[in-house]
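Please read the structure below before turning to the comments.
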Ligand code: AMP
């Protein structure tokens, strides 16, 4: 009789997956692939050939299974080929490129004095760069890979010292990295693994010349991983110039789609009603959970935040005119839940990985439906449920049709007012809509005003 083996072989191996199973899996997880010789996806962590020291960190983090982008992106990246990934922040894309990066670094000769990094990750904003670094530090710890984050708005000294000590992974925003290159604090001669994260946003922010300058200093036989949430022409053109024989993996349907775990409410309002509606809404939902409020302009952000604070709401704001120290502080207060309301502009908020944002409020409707989907995507992350409230004015009418399509696709209610705007009808004169404006709210307002001994709201310029 043959003794049973001490370790059972895995029941499902990647090789054993039939083409049909692969197809089914990709369909289920909304993975679309392009390119030659695309490897099969990995359904579980055990299926991917990461070294134990990498897997241990994943297990420690308590992750149950690879996200869609990881399931398909890991085997692609581990082949050493170039990769285009169309996936959003929140999809697990950071680890999709970082874990293969760690394997890549460990396969290279160790750094010699004067060597620059082996892995370079370019990111559009300081916030995103810092978040990437945190993941790199966490998941690279067991392999003793050193990393540093290079971004503007802070003193160069500590960054220069890190670079001079030698780091395998550099995560950088383009401007400050060029500073460091121009002043010879680092070089890109050893970079063999290049990541461009949120390429669409980097182009939006006007970083194309800097990106070109940086990439021109990196050896052409590098492996390049190019990430974007969207795929407009400019992003595609740059990919064509930077990548060789890439795989392409798209997560989610090609049509713009919102995360179905997010409840979406749209309220037709007039500009002058917004502040009072916001306060009503906050009264309704405020339970100490994190609330992220989007505004169009930095000025608007400051104004509304000041007003909210005057009215007793724990709000702070983050936008591009704030110093790095202030942005870091605001973000940490928000993350720690000390200031559970944060107002933000798109650029500042893009890519933020803040866990447990329960509500997103679009105080101003964004300039595109893509931004709308991004914004509300700050909630409902990693399997959690979230809710998005959106103020929609007559000035936003041109977005009504597309917005309705997004709401319908996600199984959300479309109010008759919004539907009418989608058909080209003018909006109701004074915003008859409303999330849940109930008599109870009004009664409560009156009670509270009495308690506070002031005519609450009476002094507000928005009234
Ligand atoms: P990202 O899209 O990279 O910003 O990741 C969003 C969040 O998901 C981060 O906090 C990650 O740590 C987390 N995450 C990454 N991979 C997984 C996974 N396989 N399972 C659960 N959470 C994950």
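The values are calculated or read from the model by the stated rules, or taken from the named source; none is laboratory data. Quick caveat: nothing in here was measured; it's all calculated off a predicted structure. Reconstructed Cβ throughout: ideal geometry from the backbone, glycine too, with neighbour counts over all protein chains shown.
Here are a few things to note about the model shown:
- Qualifying positions in the stretch 81-95 - more than 7 Å from the ligand (Cβ to nearest atom) and either at pLDDT 95 or above or assigned to a helix (DSSP H, G or I) (or both): 81, 82, 83, 84, 85
- Lone unmet requirement of (1) within 12 Å of the ligand (Cβ to nearest atom); (2) without any contact (Cβ under 8 Å) to a residue 40 or more places away in the chain for residue 107: (1)
- Candidates 238, 278, 188, 225 - the one that is part of a strand (DSSP E or B) and crowded, with 19+ Cβ neighbours inside 10 Å: 225
- Residues that are at pLDDT 95 or above and either more than 7 Å from the ligand (Cβ to nearest atom) or in contact with a helix residue (DSSP H, G or I) (Cβ under 6 Å, 6 or more places away or on another chain) (or both) within the stretch 58-73 comprise 68, 69, 70, 71, 72, 73, listed in sequence order.
- Cross-chain or 6+ apart pairs with Cβ under 6 Å, the stretch 57-70 first and closer than 12 Å to residue 93 by Cβ and assigned to a helix (DSSP H, G or I), then more than 6 Å from the ligand (Cβ to nearest atom) and at pLDDT below 90: 69/87
- Screening residue 134 against (1) surrounded by fewer than 19 Cβ atoms within 10 Å (Cβ to Cβ); (2) closer than 17 Å to residue 77 by Cβ leaves a single unmet condition, (2).
- Looking at the stretch 304-415, the helices (runs of 4 or more DSSP H) lying wholly inside it that each contain 1 or more residues that are under 22 Å from residue 277 (Cβ atoms) sit at 346-349, 369-376, 400-409.
- Among the criteria (1) more than 13 Å from the ligand (Cβ to nearest atom); (2) farther than 21 Å from residue 223 by Cβ; (3) buried (at least 16 other Cβ atoms within 10 Å of the Cβ); (4) under 25 Å from the mean Cα position of the chain (by Cα), the one residue 175 does not fulfil is (3).
- Matching residues, the stretch 281-302, being part of a helix (DSSP H, G or I) and within 21 Å of residue 321 (Cα to Cα): 298, 299, 300, 301, 302
- Where a residue in the stretch 405-426 is within 13 Å of residue 267 (Cα to Cα) and its partner, wherever it lies, is crowded, with 18+ Cβ neighbours inside 10 Å and modelled with pLDDT under 90, with Cβ under 6 Å and at least six apart: 415/433; 417/433; 421/427
- Considering each residue of the stretch 141-164 in turn, none proves to be buried (at least 17 other Cβ atoms within 10 Å of the Cβ), modelled with pLDDT of 95 or more and within 13 Å of the ligand (Cβ to nearest atom).
- Residue 98 in contact with a strand residue (DSSP E or B) (Cβ under 9 Å, 6 or more places away or on another chain), more than 16 Å from the ligand (Cβ to nearest atom) and outside any loop (DSSP other than H, G, I, E, B): no
- Test: residue in the stretch 117-124 that is in contact (Cβ under 8 Å) with a residue 60 or more places away in the chain, part of a loop (DSSP other than H, G, I, E, B), over 20 Å from the mean Cα position of the chain (by Cα) and farther than 30 Å from residue 252 by Cα: yes
- Within the stretch 143-167, being part of a helix (DSSP H, G or I) and under 28 Å from residue 88 (Cβ atoms) holds for one residue alone: 143.
- The number of residues in the stretch 167-203 that are free of Cβ contacts under 8 Å to residues at least 60 places away in the same chain and at negative phi comes to 19.
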